[in-house]
Amino acid sequence: MKDRLLKALLFMFLIVAPCLAQTPADLRRKYGKPETLSHKSSQVLVERYKVGSNITITVKFTAQGRACQLRIEPRPGQMDDPRDAVIPSALAYKLTEDLAPTSARGRLIKSSNVELGCSTVAYNEYEQVMIAVATRCTQKSGGTYSVNIRWKDTACEQIDHVESTSNAAGSLE
């Protein structure tokens, strides 16, 4: 009985885990119609969603229609000096939790951070997702420069491999 339960849980995990990433329909429901950034001939769909008046979420989707990479950041052109553009950290945390809930990330595998003057990049790798958050120190009013979320999905890895191979081939011509 116990063996059957474990097999059933493992099966559900393997089926459900890839489905945890957002779909274009999920994001359109939450944030409205996006701007399409990918070229019409591209096999990779890249969309940018506006969150309020000053935040964007740029998303790369797999061929199966699941988000494999997201970037949350201040909307380009909102500040005279882009280095001053930040998102309130509480809002960046809320968006991260909405897009990649803690309950869906799996176990924390490793965590590290790098401090560069008044900026910090924190990197957390979970079983299902990797999250990097770039922040500004509180001495300069704090805030989040960007949040990068990447699902550990073989389709995501294949997209990057195909793109880098295409770019390398194109540069040889």
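Structure data summary
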quantity: Separation in nanometres of the label points that stand 7 Å from Cα toward Cβ, at L108 and K140; calculated: 2.6 nm
quantity: Where labels lie 7 Å past Cα in the beta-carbon direction, separation of Y123 and Q43 in nm; calculated: 2.8 nm
quantity: Trypsin sites (Lys or Arg not before Pro) restricted to the stretch 91-126 and DSSP loop, no more than 15 other C-beta within 10 Å; calculated: R107
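Every number here is computed from the coordinates shown, using simple stated rules; none is lab data. Computed from a prediction, not measured in an experiment: that's the story for all the values here. When we count neighbours, we look across all protein chains shown, and the Cβ atoms used for this are built from the backbone with ideal geometry, even at glycine.
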